[in-house]
Structure formats: C-alpha cells, structure tokens
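Since the structure comes first, as structure tokens, the remarks are kept for the end.
The values are calculated or read from the model by the stated rules, or taken from the named source; none is laboratory data. All figures in this text were calculated on a predicted structure; none of them were measured in a lab. Quick reminder, even Gly has a Cβ in these numbers, built from the backbone with ideal geometry, and neighbours come from all protein chains shown. Heavy atoms of the whole protein, side chains included, go into the accessibility calculation; ligands, DNA and RNA do not. Shrake-Rupley method; radii C 1.70, N 1.55, O 1.52, S 1.80 Å.
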Amino acid sequence: QVSAALKEGRVTPTELCQQCLSLIKNTKFLNAYITIAEETALKQAEASEERYKRGQPLGVLDGIPIAVKDNFNTTGIETTCASHMLRGYISPYNATVVQKLLDQGAVLLGKTNLDEFAMGSGSTDGVFGPVRNPWSYSRQYKEKSVPKSHSEDKESNWVITGGSSGGSAAAVSSFTCFAALGSDTGGSTRNPAAHCGVVGLKPTYGLISRHGLIPLVNSMDVPGILTRCVDDAAVVLGSLAGHDPKDSTTIQDNFKPFELPSLTDVSKLSIGIPKEYHAPGLSGEILALWSKAADLFRNAGAKVVEVSLPHTCYSIVCYHVLCTAEVASNMARFDGLEYGHRSDMNESTESMYAATRREGFNDVVRGRILSGNYFLLKQNYEKYFVKAQKVRRLIANDFVKVFQSGVDVLLTPTTLSDAAPYKEFIKEDNRTRSAQNDILTQAANMAGLPAINVPTALSERGLPVGLQFIGRSFQEQQLLTVAKWFEKQVQFPMIQLEVKRHDHDAFQHEKSASFS
C-alpha cells in the first residue's frame, strides 16, 4: 500500500521518513532503538525521491523505512550488540542483507535494541536497558489490565517484547518502520513477533547470507524478517535471499522472488500437529487457540493429522551445549586488541585480556563462555559436544520423517503464553527464561527449517498471541502461502496505540500497515 502511494505521488519518501522519525521520537520510551540514523535516513529518502521523480524507482522497497537489529554490521552507523564490548564500534562494511536492502532503495532509520550479543529471550539484558512492548500502551491492554492496588504505578505494568530481536519487533509493531531485520538462533525473531503481534519469519538456513551478522551460533544463526503482514515478509525475503560468495553456507542456486498466490482451496494440504509441542507450561488459552486453528484448517477441507517428533524433548539441553560451545569460540575474537573495548589494565597481555572481557561482557555472556569452554575441554568433548551433535541429527531426522510421510506444514504454538510483565520476567535468571521461552521455536533452528509466526488473536489480557508454521527445507513459498491464508482467516486486530506527543497531546495511531 505504501509502495503504491509512493509510486502515485500521494506521499514522498522524505515525508514518509520524517513521519517515521517523528514517531520514533514520540515512542522513545519503548527503547526500541539504540541508534537513530536521522541524517543518513533523510539523505537516502531524498535520493529515493529523485528516483521517483525520474520514474526510475529501484523496486518495491524504494523509499520504504526499515530498521536493523544492532548485531548487523553497518558502515557509518555504530554496531554495538547492546554490549559495552562494542560501544563506539563502527564497521568498515555493511552486512550483505543490509547492503541488499540499501541497493533496493530502502531507507535505514536506525539500529534496534536487543539482549547483549543476542543472548536472551526478553530483550531485557542489553546495556541500553530493556525494550518495552508497544501493546503495554495499547487501548486493548489498558482496558483489560486492572492494577492490583491503587498504589501500583501504571508505569510499572508494562510487558516485555520477547527476544532477542525485541527492538525490531517493537519498531514494526509501533509503526516506526515498515519492516525490520532480526536474527534467529533459537527463536529470537519468532518469539518477539508473537509477543508484539507481528509476522516473524525465520528462513531456511543458507537461504539468506549471514555475512556481517555478528555470530552467536554459526550453525544455527539466520537473519530474520519482521513485518506487519505475510505478503510484506515475502517481499523482503525476495530482496534478501540467494547466494553470497562471502558466505559459503548460502545456497548456490539463484533465488527467484515470488508473489504469494491467494489460496482458496486448502483441501490438498496436509497439516501436521506435533504432539510433543503440548509442552509443560503451555497456557490453556494458547492450547485452545492451537486447537481452534487446527479446526479451522480441518473445516476448510485440509487434512489435519497428529504427528510425533520424539526427540523434541532433548532439543533445549542439546541446544545449550552446542550454543555455549560455539559462543565460547565466537566470543574469543573480543580480546581488546583489534576492535571494541580495551581495558586500561597493562600489567601484562593476559591481565589486559581478562580485564577487557570482564568489563566488556555482562554476566550472561561470561556464563555462556565458561559453560562452552567446559563442554569443549578434552575430557568433556566426546561426552557433551559430540553427543549433542548426534542428538541434533536425530532431531533433524524427526522432521525429515514427518515431511516424508506427506505432511506439508506443521502447526504449533510459538510461545507458552502471552508476554510477561517485566517485573515478573526478571525474577528468573537468563538461562532459565531462555530454556522456557525457546522450547517451541528452537527445534526448527536445529533442523535448519523455515518457520513463521503469524499473529492470531488477543489473550484475555488484551495481548497478542501467535501460532507458528514450520515448513519443508527451502519451501518458503508454500509455507508463506499457507501462512497468508491463515492470516486472512483470523483477521488479527490492529494495535490501537496510545502515546503522547512531545507537545503532550494524546494521539492514537491505527494506520494501515503494509507496503506490498
């Protein structure tokens, strides 16, 4: 819709950019952005405007305001990973995905907030503070949430975004941009998408380049896409997918962008319902929604079958071993010598290393480095790391068997419940929270499969709840087509966001939300 408005001259790229920048300032309390690249964005918008005047836009994304999670490298804009370790670091190159968006004429508004080095599931553990869920300030939530006491400060009633791509999810949900990049290692795009009521796509491993994404777990990291509708996710995917000579794990074949058909007949579809995803802690509300969604497909003529993924229960433990082992290896590059923070301790090289890492990393990162190095010790390597790799293969094989049985797409919950209040969420430590919150999303990363969160309904508390579709490897078109059909059936309500302008006038934002 916005792309069409730009082509028809109903709005200019500069006006659109200014509106988004203004809204970023008005929603600063959400803490969604770490860096706002106002000057750069306005220059990019002006260049886009010139192209439109000449009748030569670069594509659907030309002039569209976007945001990027702050663990993707960007030239001229700080890349911090929400850590003291990289504060002030400016990369000499753009991540491939960022460069591809800029080559399409997209306008980069800024870098979004996250858990430090993307290690977390709440976007609460970065050095720039937690991200607030825009739905905390929606009319829907305010009407349902009653303070427990008169003395309870309404300001303390806000809920988390999920993570680690919470800043990107909040940015899209609050209308400050039309699409955003996240990263997804164990659910870090789908989890905040579910909590913020937006679409979150994790593509097949190797479909999109990881070059320039600061790595967490190389064998599972995937750039994720956050948008307000499935069609938009398909447009962004079309711009990003394909081979990159700078990333040897990307597919060799050329990727052809596709337009999603409007599916009318689902009778030929087979939808799998994995029984293991009825996990401990799954709220009754989400279980009922999951059943209702299965009935929706069944009533429309699709074949709905219960399937088994027997090794799912080992996924989180297996992930903990593999994740921390790769983290220990990846974090070794931050030693204070080449880039990033450097301690003033100069008694010896070893003491400088130790002090730099102690000062630069938070407890969560240091804890994962310690665990990873323990698993990689000579006496533990076979017992933990190699065994975890074998279990990972079993988990991946479970999916292969299910898809070989004729199932097209799996339907599961994305999260165990709706978004938790911040005060409740921080009562538990990061590892416990991550183990709980990644339980439904993590296995798709182990198997390298595409998965998407589709916002489905509002909970009794007036907060978004999403369901997840998991597809066959490299079958994004089929996955997104099914997701689009489902999105149309459920008609998820638009957020009625109530924020205060700088001039203290209350204003309500209910604008339509897509550019495709």
**the range 258-299, accessible area per residue, ligands and nucleic acids excluded (1.4 Å, Å²)** = 56 Å²
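With every protein chain present, what is the per residue accessible area of the range 35-117 (1.4 Å probe, Å²)?
Values: 2830 Å² over 83 residues.
For the range 35-117, the solvent-accessible area averages 34 Å² per residue.
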**Prompt:** If amide H atoms are built 1.01 Å from N in the plane of the peptide, which residues on other chains or at least 5 residues away come under 5 Å of the amide H of ASP247?
**Reply:** none
**Message:** Rounded to whole Å, give me the distance from the Cα center of the range 427-492 to that of the range 34-71.
**Reply:** 29 Å
**Complete:** If each K or R counts +1 and each D or E counts -1, the residues other than ALA355 whose Cβ falls under 14 Å of its Cβ total -1
**Message:** I'd like the accessible area for SER136, computed on protein heavy atoms only with a 1.4 Å probe and all protein chains in place. Round to 10 Å², please.
**Reply:** 10 Å²
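Provide the per residue accessible area, probe 1.4 Å, for the range 164-231, rounded to a whole number of square angstrom.
8 Å²
State, as an integer percentage, the relative contact order of the range 303-361 based on alpha-carbon contacts under 8 Å between residues 6 or more apart. Display every interim value, and only then the final one.
Values: 26 pairs, mean separation 13.0, N = 59.
With pairs under 8 Å counted, the relative contact order is 22 percent.
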**Asked** Which value, in debye to the nearest 20, gives the size of the charge dipole of the chain about its Cα centre, when Lys and Arg are +1 and Asp and Glu are -1 at the Cβ?
**Response** 780 debye
**Prompt:** Where Lys and Arg each count +1 and Asp and Glu each count -1, what net charge lies around THR176 among other residues with Cβ under 11 Å from its Cβ?
**Reply:** +2
**Prompt:** Using modelled amide H (1.01 Å from N, peptide plane; none on Pro or chain starts), what sits under 5 Å from the amide H of ILE34, excluding residues fewer than 5 places away?
**Reply:** LYS111, THR112, ASN113
**Asked** Taking Cα pairs under 8 Å and at least six residues apart, what relative contact order does the range 336-421 come out at, in percent?
**Response** 13 percent
**Message:** Among ALA32, TYR141, SER417, whose Cα projects farthest towards the positive end of the dipole of the chain, with charges put on the beta-carbon of Lys, Arg (+1) and Asp, Glu (-1)?
**Reply:** SER417
**Fill in**
Between the residues SER188, VAL97, GLY471, the Cα farthest towards the positive end of the dipole of the chain, that dipole coming from +1 and -1 charges on the beta-carbon of Lys, Arg, Asp and Glu, is from GLY471
**Asked** Straight-line reach from LYS383: which aspartates and glutamates have a Cα under 19 Å away, not including same-chain ones fewer than 8 places off?
**Response** GLU326
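Based on Cβ point charges of +1 for Lys and Arg and -1 for Asp and Glu, what charge dipole magnitude is obtained for the range 260-359 about its Cα centre, in debye rounded to the nearest 20? Don't skip to the answer; put the middle values down first.
On the way: 9 positive and 12 negative charges, 120 e Å.
Result for the range 260-359 is approximately 580 debye, rounded to the nearest 20.
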**Asked** Sorted by packing (mean other beta-carbon atoms within 10 Å per residue), highest first, where do 390-399, 464-473 land?
**Response** 464-473, 390-399
**Complete:** Order by accessible surface, 1.4 Å probe, largest leading, for residues THR324, THR12 comes to THR12, THR324
**Prompt:** Can you give me the Cα centroid spacing of the range 338-359 and the range 221-260 in angstrom?
**Reply:** 39 Å
**Message:** Counting only protein heavy atoms and a 1.4 Å probe, tell me what percentage of the chain's accessible area is made up of carbon and sulfur.
**Reply:** 51 percent
**Message:** Just to be sure I understand the curve: with the Debye formula and one point per C-alpha of the range 1-78, what is log10 I(q)/I(0) at q = 0.11, 0.15 Å⁻¹?
**Reply:** -0.31, -0.56
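With an 8 Å Cα cut-off and a minimum separation of 6 or more residues, compute the relative contact order for the chain in percent. Display every interim value, and only then the final one.
Working: 1172 pairs, mean separation 94.8, N = 516.
The value is 18 percent.
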**Hits among lysines - C-alpha to C-alpha of LYS268 under 23 Å, sequence gap 8 or more where chains match** = LYS292, LYS303, LYS401, LYS484, LYS488
**Long-range amide H partners of ASP184 with built H, under 5 Å** = VAL222, GLY224
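Going by average Cβ neighbours within 10 Å, how do the peptides 305-315, 445-455 rank, with the highest at the top?
Details: 305-315: 17.5, 445-455: 27.6.
Highest to lowest by the protection proxy: 445-455, 305-315.
Can you sort TYR384, TYR33 by solvent-accessible area, 1.4 Å probe, largest first? Please list the in-between numbers first.
Values: TYR384 70, TYR33 30 Å².
Greatest to least solvent exposure: TYR384, TYR33.
With charges only on Cβ, +1 for K and R and -1 for D and E, what is the dipole size of the range 47-135 about its Cα centre, in debye, rounded to 20? Walk me through the numbers on the way to the answer.
Values: 8 positive and 9 negative charges, 43 e Å.
In debye, rounded to 20, the range 47-135 gives about 200.
Whenever you get a sec, line up ARG368, ARG190, ARG431 from highest to lowest accessible area (probe 1.4 Å, protein heavy atoms). Display every interim value, and only then the final one.
Working: ARG368 35, ARG190 0, ARG431 120 Å².
The ranking, largest first, comes out as ARG431, ARG368, ARG190.
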